[in-house]
Every structure is written in structure tokens, then in C-alpha cells.
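Working notes, beginning with the structure itself.
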2 protein chains.
Amino acid sequence: MRDGSAARVPPERRATIKEVAEAAGVSRSTASRALTGNGYVAEGVRLRVRQAANELGYVVDAMARSLKQQSTRSIGVLVSDLRNEFYANLAAGASRQATRLGYTVMLIDDQGIPEDELAAAEAFVALRVAGVVATPVSAGATDFLLRQRVPVVEVDRRFSDGACDAVVIDNRGSARVVTRHLIDLGHRRIALLIDEDDWTTGRERREGYADALEAAGLPHERELVIPTGWDVEAAKAAALELLSSPGRPTAIFAANNVLAEGAWRAAAELGLRVPDQLSLAAFDDVPWMSMVTPGVTAVAQDAGAMGRAAVQTVVDRIADPAAGTRTIVLSAAVQLRGSTAAPSEVESDLRVG
Amino acid sequence: MRDGSAARVPPERRATIKEVAEAAGVSRSTASRALTGNGYVAEGVRLRVRQAANELGYVVDAMARSLKQQSTRSIGVLVSDLRNEFYANLAAGASRQATRLGYTVMLIDDQGIPEDELAAAEAFVALRVAGVVATPVSAGATDFLLRQRVPVVEVDRRFSDGACDAVVIDNRGSARVVTRHLIDLGHRRIALLIDEDDWTTGRERREGYADALEAAGLPHERELVIPTGWDVEAAKAAALELLSSPGRPTAIFAANNVLAEGAWRAAAELGLRVPDQLSLAAFDDVPWMSMVTPGVTAVAQDAGAMGRAAVQTVVDRIADPAAGTRTIVLSAAVQLRGSTAAPSEVESDLRVG
DNA sequence: GCGACTTATGAAATCGTTCCCACAAATATA
DNA sequence: TATATTTGTGGGAACGATTTCATAAGTCGC
């Protein structure tokens, strides 16, 4: 029985256009025209070539094509941590938009490491991607790409202000609204959990927080701005310390979803009731915030929309490299949930006492 | 001042190895050897070439290289939905392992659509990826890739049993353990929320559920196996109907994290206390399950590890295309949390009455 | 029936790289 | 000294496609 079946045995080597041309009895040029649709080809010939290609299982070699055409249909996407839902949604939006526009995506997760980011940028240049969408962690990668004449769109945060396109949200305004919300509820000691100050996101969120305090005539107390690490554990540790201290705040504003998770876990571990004993608000609305009880008040960035917009922008830029740079600012909604409420009397007493 | 700065103006066109060679005063062959490290090159010459390359901002054209070498250093990764944390973690693990092994990743999110999956497979072939890691949604893509002689590793679920390598977990065993756990707690009416039956994951989880019921001598009631849709809303709707019915189950086993989210939201909407009035267990342990109160008992698959293992497997396969196919079965731990407990007396009465 | 245009085809150059080969000089081995 | 062997270099042929150009036949308008 073996070898007796009619199953077609795949050939050792992949078919080339030359073989397709021979099978169809035409020249390579004609075969190319028949398959790509560029230039004149007689209808009968077109069909013959298409059929020959099918029978041989021919698939164009994108590299040979790009080499000749000196351009590719792929876009580099560089994110800091795919395991973080924000970046995953961003990448999903970018990927889908790219597919829709006929591009493929080269995705690299640089783990937030500047060296890896630079290596990724080099890989993108080597692969001659048509453009790059990146959530930068340093100025290095963008600089390198721009020097190499590769269109870049910075997403979420900016390092090369004005030198390239960008898609961001109104971090400062959103942070101000959230802080204002807490102040309006009666909070006077509002801590800000923040991982960094070097990025535009962190800086702007901090500024928005400060804006709101100032507008309300509240002091901007240094010890209430808590620098944390990058991951949940570090954030939790920082929050534990903060919440165990005598001058404990009545509200925490976490500058992103990871820090919010740390704060939430810390509060749970200390047995603090939210919102009675602690109000919690966050930047980045992720699913768990609407699943826990009470839900967590959060700034809802549409990461998927950011990814889509970034890809659209980079494709526009590829089409017109000379146009002036654009910065797209997307709005973000604040989802008010049960985690923010007026500080309780008891808490006020505790604070005073 | 403008144009007076010493800033180097990037050249219009990218430098080629020919230009590097000329700048260093050697032939293209020598320049190539100096940069790649293959073959003999005098030390002084090597340095001269490297410097020339640096000064010209030379970056090798990966496409020209691959065309000549007839191989690439990139791997195609195909997932169903990057917004789902399971796939995001899988992709993150795959991406990082690929980077570690010197490969770049072409990522495509096929949205679970068979046509898109096939189109992605074609794109991978066109780009001549060295191998593909995929969470298949139909047999088509894998078949096509195998016919095209592209190494494929199926992850999470299988369509081409034995025809290619695979990385999966013990779905049946894990489902059995969870169901058994619910039975041991005293549950007799345990519903299974499941999205599909066509994939190995769904089938095996269902079998594990059935195994446990049978082993306990419990009837396998048809109306307790609930087919849901793919998204949270559909799952929630199905769960709402189930939980509002007179013969309502005392426990729900959700076959994945999306369905679990739907069930959780449904229970919350109906005001059912977990675990007093309803026990909930799930497949796929995602962060929210340990953040809500009570935590949700879940099978913890390490998606990142699956992605890593898949990439490792496909790279091994690239190295030895003739070796027999392997199926790697990773173990999954069951995280027991507060959402599963013995059914309350009141509930039992309700059920009887 | 003659120029102008459209349609159709194939030969050959080209994209940027690698790598086989030929050759030469330096070094090691007999 | 004669002969291998190692080290170093450059010429040129690939890799697989696209695309320019030349050529030729058919069509149109007059």
C-alpha cells in the first residue's frame, strides 16, 4: 500500500517563477505579469499561468520581490511587555490594522531593556521594514531609526519630541480629572504611586496630579509621591509600606494598571476595606478592575485604538515621507467605580490622632 | 547657524556592502567575510572594514542575505486573539525565546478566522520563515504549511495529529481533577461552560469532566453541558440563563478564562454569593482570578512556558527536519481558591424544593 | 494603406548579498 | 629544498523575482 496512494508528493524544492513559466509555456516576464497583474497579459495566458502556479504550489518569494522592488510590506512593532494587557491590546490593534492595510507585522518585545530595544531597531532595519511603531524606552532606538530614514511612530510616550509622529493620550488632563475627583470626594492626603519620571507618561501624569492639588490649594507633599518598581511585587511592597505608615493617605492614585494591582493586593493583605478605609483610582482600565468588588475607578485608555492609529499613521507617513510630523492625542474616559468614595469619619479621626 | 552644525547628514540611499568595501579599500568578498566572520580576514582589514561600515551606517540587507542563503532567521507566530491574556502570554514567551535563539518573530493575529489563518500561512511561506508556531483554528493552515515543507508546531490544541510537533497540556487530566474536586466538595449538579467541541482542548476538557462524573457514579446530564459563544458577553448570557433556571447547578466549571469571566459577571449580576450559592472553577488562571474575592479556583497553564517550548521545538525541528515528531505535554497546576466550597444546606433545599 | 496607439511577449539587467573557486603568499612539514 | 598546509584576497556566479526595453502584431482613424 505504501507509495501506492494517489496523494501528491510535495517536491523537494519550492517552485520558482521560472518553473511556473516553463509549465505554462511562457517567459518569466509574462508569468510575473500574469501573477502580479501588472502590465499586459492575454486572458488565456493569464489563466494558464495561474493554473500552473496552483498546480506547482507556487508562492512568491517575498524577499526576492522586495530586493528587486527595494521596499517591503511589513511593519515593525516594538512593545515593552506583551504580558501586560495594555501592550497586548496595543499590539493586537496594530496587527489587525496592518493586516487590513496589506502589511505583515514583525513584532518584538524588548522587555523594557534599552539594549534589546536598540537590537530590535537594528533587526527592523536589516529586514528593511517599511515603518516602525514603537513604545520607546529610550531615545536611542527612535534616533537610530530616523537616521536610517525609517518612518517611526512613537506610541503611548514620546522621546523624540516633534522629530517623528506620535500617538498618545492626554495623560496630564486625565490625571488631573482623577485627582480632582478624589479631592472633590473630600480626600486631602492622596498618594501617587508612580514607576518612573523619565517618560512622558509618568511625567505628565504626575503633572496632572500636581495641577489638581495646586488648583485646590492643597500642599504637594513629597512623601506622598511614591516611586515604585516596575512589577506587581515591587508596587505591592511600596504600597504595603505606605499603607502601614502612621501618616497613611486616605486615597491612592496608581499611575498604571500594574501599580494598581500591587496596591489592590497590598490593601487586601492589610485587610483595608475599599473604599471605606482607602480609596483607589488607577490609570489603565483593565478587566479585573471591573470584576473585583468594589470596581476600581480608572482612566480607560483604548490601547487597541492607539495601535490602530499608530499603524495608520506610519502607513500615511510611508506614503508621504515629506509631510510635517503629526501628534495624535486620543481622549481617555474616566470610569468611575466603587473604589473611590468620601473618606470615612473614622479614618479622619485616625489620621488626626 | 542652520546647516552650520557638525551633525552628519544621513545619505539619501542606504549604504551597501559594495560601498563599505570601497571605503575600506577591499573587495566585496573580503568585506562580507570581515562583517560576518566567515572565512579568513587579516585582523587589520577586519577593523578597517568594521569602521567603514560604522561610519557609513551600514546595516546588512537581511533579504538579500536570505535570498542568497536560501534561509531566514525568522519564525512565524500565529495566535487567535492577542487581547486574550492566554495568547498574549504565549506570544510573549515565544517572542522572547525566539530572540534568545537569534530569530525574529513575524506575528499574526488571525482573530480565530480560518480564512485569515490561511492567509497568514501564505504570508509566512512568502516570507520564507524558517518555521511556524501556531494555535490552529482549522486543519487548513497546518496542512498547507506542511505541504510547503515548513516546520510547524501546533500549540495548545492539535489539528494535525502526529503529522507535526505539538506543545499542549494535559487538558483531560486537569479537567478531571477540577471536576473531581467539586464532586468531593459535595456538588452533584455541576455545569460545564464550554465554547466548542471541535478543538482538542474543548473535547479533552469535556472528556475529563465526563470522566470524573462517571468515576463518581454521577449521571452525565446533557443540559448541564452548556455551549456558549466565544466572547465574554455570550458566555455571560449563557450563564445568566443557566443560573436563572429552576434546576440551577450548584457549581460551574468554565472551560476557559473568557467563559469564567462571563460566569463571574453573571453571578454578580444575579447577586449570587460565591461560593455560598455557587461554586466556580475555571480553566486558565489569569490575574483577575486571584484579585477578586473570593479568588477563583483555576487550572494554571503556563502560557509563557508553552510559547517558549514551542519555539524551542520548532528550532530543533529546523535543525533536524527528519526526526520523528514530538508532542510535549506540559503539566498544569490547579490553584484552589475560595470560589469552590461545599454547597450550602439552603441551596440543597432549594434544589430539592 | 499609413502613421499612431494599444496589446502582447521575451531577453536581459538589476536588486545586495554570499560563497565557490582560483590564485598567491606565508608558514609548517618532510 | 621541496612539498603540503594555512592564511588571505578578489572575481564572478548565483539566489528569485521585477521591470525596462525592444520588437511585433493587431486596431483605429482618416
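The values are calculated or read from the model by the stated rules, or taken from the named source; none is laboratory data. Because the structure is predicted, anything quoted here is derived from the model rather than measured. For neighbour counting, all protein chains shown are included, and Cβ atoms are generated from backbone atoms with ideal geometry for every residue, glycine included. Heads up: the accessible areas ignore ligands, DNA and RNA and are worked out on the full protein's heavy atoms, side chains in. Shrake-Rupley method; radii C 1.70, N 1.55, O 1.52, S 1.80 Å.
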Checklist entry - Per the helix-only calculation at 222 nm, which mean residue ellipticity applies to chain A, given -39500 (n - 2.57) for every DSSP H run of n ≥ 4 and division by its residues, nearest 500 deg cm²/dmol? => result -14000 deg cm²/dmol
Checklist outcome for this item: Shielding of A:119-131 by other chains, given as the mean Cβ count within 10 Å, works out to 4
Checklist entry - Under a 1.4 angstrom probe, counting protein chains only, how are A:Leu35, A:Leu224 ranked by accessible area, largest first? => result A:Leu35, A:Leu224
Checklist entry - Sorted from shortest, what are the nm distances separating the label point of A:Glu269 from equivalent points in the other copies, each placed 7 Å from Cα along Cα to C-beta? => result 3.5
Checklist outcome for this item: Per residue of B:82-94, other chain Cβ atoms within 10 Å number on average 6
Item to check | For B:Ser279, residues with placed amide H under 5 Å, excluding near neighbours | outcome: B:Ala251, B:Ile252
Checklist entry - B plus A alone minus the pair: what accessible area, both sides summed, probe 1.4 Å, in Å² to 100? => result 5000 Å²
Checklist outcome for this item: With all protein chains in place and a 1.4 Å probe, B:Val286 shows an accessible area in Å² (nearest 10) of 10 Å²
Checklist outcome for this item: For chain B, the per residue accessible area (1.4 Å probe, Å²) is 45 Å²
Next on the checklist: Please check: in the Gaussian network model of chain B (C-alpha springs, under 10 Å), which one of B:Val153, B:Val311, B:Val177 has the largest mean-square fluctuation.
Outcome noted: B:Val177
Next on the checklist: What are the ³J(HN,Hα) couplings of region B:78-83, residue after residue, when phi is run through the Karplus curve with 6.51, -1.76, 1.60 and θ = phi - 60°? Round to Hz, x for glycine and proline.
Outcome noted: 10, 10, 8, 6, 4, 6
Item to check | Accessible-area composition of region B:17-60, carbon plus sulfur, in percent [1.4 Å probe] | outcome: 48 percent
Checklist entry - Taking amide hydrogens as modeled 1.01 Å from N in the peptide plane, which residues meet the under 5 Å criterion relative to B:Ile328, leaving out close sequence neighbours? => result B:Ala166, B:Val167, B:Val168
Next on the checklist: Mean Kyte-Doolittle hydropathy of 0.0 or higher plus an axial Cα length of 15 Å or more: which whole DSSP H helices in chain A meet both?
Outcome noted: A:114-126, A:232-244, A:257-270, A:303-319
Checklist entry - A:Ser245 to A:Leu336: FRET efficiency via 1/(1 + (r/R0)^6), r the Cβ-Cβ distance, R0 30 Å, to the nearest 0.05? => result 0.60
Item to check | Amide H partners (placed H, <5 Å) of A:Val77, local residues excluded | outcome: A:Met106, A:Leu107, A:Ile108, A:Val133
Checklist entry - Among the DSSP beta bridges whose two residues both lie in the protein assembly as shown, what percent are antiparallel, rounded to the nearest 5? => result 10 percent
Item to check | Computed FRET value (nearest 0.05) for B:Thr16 with A:Leu47, which takes r as the C-beta separation and R₀ as 56 Å | outcome: 0.90
Item to check | Lys/Arg +1, Asp/Glu -1 at C-beta; chain B dipole; positive extreme among B:Val274, B:Cys164, B:Thr179 | outcome: B:Cys164
Next on the checklist: Using +1 at the C-beta of Lys and Arg and -1 at the C-beta of Asp and Glu, which of B:Ala91, B:Val286, B:Gln301 has the Cα lying farthest in the positive direction of the dipole of chain B?
Outcome noted: B:Ala91
Checklist entry - If you count the DSSP beta bridges with both ends in chain A, what percent of them are antiparallel, to the nearest 5? => result 10 percent
Next on the checklist: Please list, in order, the residues from region A:78-102 whose amide nitrogen is less than 13 Å from a point placed 7 Å along the Cα→Cβ vector of A:Ala268.
Outcome noted: none
Checklist outcome for this item: Counting all Cα-Cα pairs in the protein assembly as shown, those more than 44 Å apart amount in percent to 33 percent
Checklist outcome for this item: Highest GNM mean-square fluctuation among A:Ala92, A:Ala42, A:Ala215, for chain A with Cα springs under 10 Å, belongs to A:Ala42
Item to check | Cα-based reach from B:Lys68 at 27 Å (exclusive), listing lysines while leaving out same-chain residues under 8 positions away | outcome: A:Lys18, A:Lys68, B:Lys18
Item to check | 10 Å Cβ neighbours from other chains, averaged over peptide B:100-111 | outcome: 5
Checklist entry - What spacing in nm lies between the two simple spin-label points modelled at A:Arg100 and B:Ala319, each 7 Å away from Cα in the Cβ direction? => result 4.2 nm
Item to check | Sequence of A:His187, B:His220, A:His181 from largest to smallest accessible area, 1.4 Å probe | outcome: B:His220, A:His181, A:His187
Next on the checklist: So for region A:17-60, considering every pair of alpha-carbon atoms, how many percent are separated by more than 11 Å?
Outcome noted: 54 percent
Next on the checklist: Beyond 29 Å, how much of the Cα-Cα pair distribution for chain B remains, as a whole percent?
Outcome noted: 52 percent
Checklist entry - Using the beta-carbon distance between A:Lys68 and A:Ser344 and R0 = 60 Å, what value does 1/(1 + (r/R0)^6) give for FRET efficiency, to the nearest 0.05? => result 0.25
